[in-house]
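Below: one structure, written as structure tokens.
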């Protein structure tokens, strides 16, 4: 039986050591660098930026000539005939072999191509601004997730110390009960606190594992990470460098403004479907209508034509009209989204400024609470030695101390969260996290 128990213990210890060995320490700079390089979200935004660049290249087609080539070879034929007076039925000869080269140069389309080019250029600028914003947003999100792991680790340490302290008190209370110095009420009360401390420790450990997995997911890796560092001690001096007009610094709002202008130009382009289009065209043919031979080059002839072509779309089944209306509605949606984001940005800026000041105040208060609770624990221990304080009074003082420590960690994390969200709402880097 002892061998089996020893084997189980060995396997459990090996599993713990293995999981610990797999977890690699990582700093904030490593997290940000790795995350920016392997973030799936950033990869998607980069692809969208490349797509916008090629959309602008596509808009050049309204100004550049188009050239196409083709070849026809007829294996078998039965030509149509027509009656020619005096000659009878004459077959309509079609070249069995024909090489064709076509070219066209657009001259005028009601400035539709110009509007498409302007719209594509503004959408490309919007995509680049959106990439800059996504990079900034990803960097700050990675930073927040990193400090969330550190805060959860500190909360686990506090919960473990709290549980150990309460379990020690539980042992003392049981011993005091046997000697008649404590009652069953004292024992039950401590056992309730032990149960609460165990639940709190389990919850803290779960939160830590979840935070680590979320950080790894955000970084785009599957490794088990062990962030190393300390929580920064923030204060309200950070706000001294805050620009009071945040809407001027946010790249996402600048991108949306460019999107609004771009969709307006594209809407103008789609609305010019009723304008006649004029283009120069040319065609050259090198053909053989004398013999069916593919390589009978002596029988080949050539022909060409050049001219001006004008087309006017009178009715195409309402296709162009529908596209124009679709473009108008898309422009309307982008404008309303831009306005909605502007209003939300202003409200977020005010909200996170207030929350940051609040958490900085809470952090200072929790530091004072820790000092007072530490002195309270010292006095309670001295009082217990002198016989004027009970074991439960010492336990209450130590519980207050652990709560103050946990409150300090939560206040620090709250200040970090508020500051990062304030940076995102203002588009400014206010603090150099390390």
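What the table below lists for this structure:
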quantity: Residue check, residue 431 within 27 Å of residue 148 (Cβ to Cβ) and either assigned by TED's automatic domain parsing to the domain that holds residue 171 or part of a helix (DSSP H, G or I) (or both); calculated: no
quantity: Residue match in segment 341-355 (condition: surrounded by 14 or more Cβ atoms within 10 Å (Cβ to Cβ), in a helix (DSSP H, G or I), out of contact with any helix residue (DSSP H, G or I) (no Cβ under 9 Å at 6 or more places or on another chain) and touching a residue at least 12 places away in the same chain (Cβ under 8 Å)); calculated: no
quantity: Unmet requirement for residue 403, which otherwise passes all of (1) crowded, with 16+ Cβ neighbours inside 10 Å; (2) touching a helix residue (DSSP H, G or I) at 6+ places or on another chain (Cβ under 7 Å); calculated: (2)
quantity: Residues located in segment 366-390, provided they are within 30 Å of residue 420 (Cα to Cα) and free of Cβ contacts under 8 Å to residues at least 12 places away in the same chain; calculated: 368, 371
quantity: Some residue of segment 381-397 being within 30 Å of residue 189 (Cβ to Cβ), buried (at least 16 other Cβ atoms within 10 Å of the Cβ) and under 34 Å from the mean Cα position of the chain (by Cα); calculated: no
quantity: Test: residue in segment 228-251 that is in contact with a strand residue (DSSP E or B) (Cβ under 7 Å, 6 or more places away or on another chain), closer than 30 Å to residue 429 by Cα and either touching a residue at least 40 places away in the same chain (Cβ under 8 Å) or assigned to a helix (DSSP H, G or I) (or both); calculated: yes
quantity: Strands (runs of 3 or more DSSP E) contained entirely in segment 72-148, each with at least 2 residues that are more than 48 Å from the chain's Cα centre (by Cα), in contact (Cβ under 8 Å) with a residue 12 or more places away in the chain and more than 20 Å from residue 425 (Cα to Cα); calculated: 97-108
quantity: Number of positions in segment 295-304 that are loosely packed, with under 12 Cβ neighbours inside 10 Å and touching a residue at least 24 places away in the same chain (Cβ under 8 Å); calculated: 0
quantity: From 143, 135, residue being crowded, with 20+ Cβ neighbours inside 10 Å and within 24 Å of residue 43 (Cα to Cα); calculated: 143
quantity: Of all residues making up segment 252-278, the number that are outside any loop (DSSP other than H, G, I, E, B) and in contact with a strand residue (DSSP E or B) (Cβ under 6 Å, 6 or more places away or on another chain); calculated: 2
quantity: Matching entry among 320, 361, 365 (being under 30 Å from residue 168 (Cβ atoms) and part of a helix (DSSP H, G or I)); calculated: 365
quantity: Answer from 41, 81, 72 - the residue that is assigned by TED's automatic domain parsing to the domain that holds residue 95 and surrounded by 13 or more Cβ atoms within 10 Å (Cβ to Cβ); calculated: 72
quantity: Residues (over 16 Å from residue 389 (Cβ atoms) and either touching a helix residue (DSSP H, G or I) at 6+ places or on another chain (Cβ under 9 Å) or at pLDDT 85 or above (or both)) located in segment 172-182; calculated: 174, 177
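Matching residues to (1) in contact with a strand residue (DSSP E or B) (Cβ under 9 Å, 6 or more places away or on another chain); (2) modelled with pLDDT of 95 or more:
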{"position": "299", "(1), (2)": "yes, no"}
{"position": "309", "(1), (2)": "yes, no"}
{"position": "321", "(1), (2)": "no, no"}
{"position": "324", "(1), (2)": "no, no"}
{"position": "330", "(1), (2)": "no, no"}
{"position": "333", "(1), (2)": "no, yes"}
{"position": "343", "(1), (2)": "no, no"}
{"position": "348", "(1), (2)": "no, no"}
{"position": "358", "(1), (2)": "no, yes"}
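The values are calculated or read from the model by the stated rules, or taken from the named source; none is laboratory data. Small disclaimer: the values here were computed from a predicted structure and weren't measured. Please note: Cβ atoms are built from the backbone with ideal geometry, for glycine as well, and neighbour counts cover all protein chains shown.
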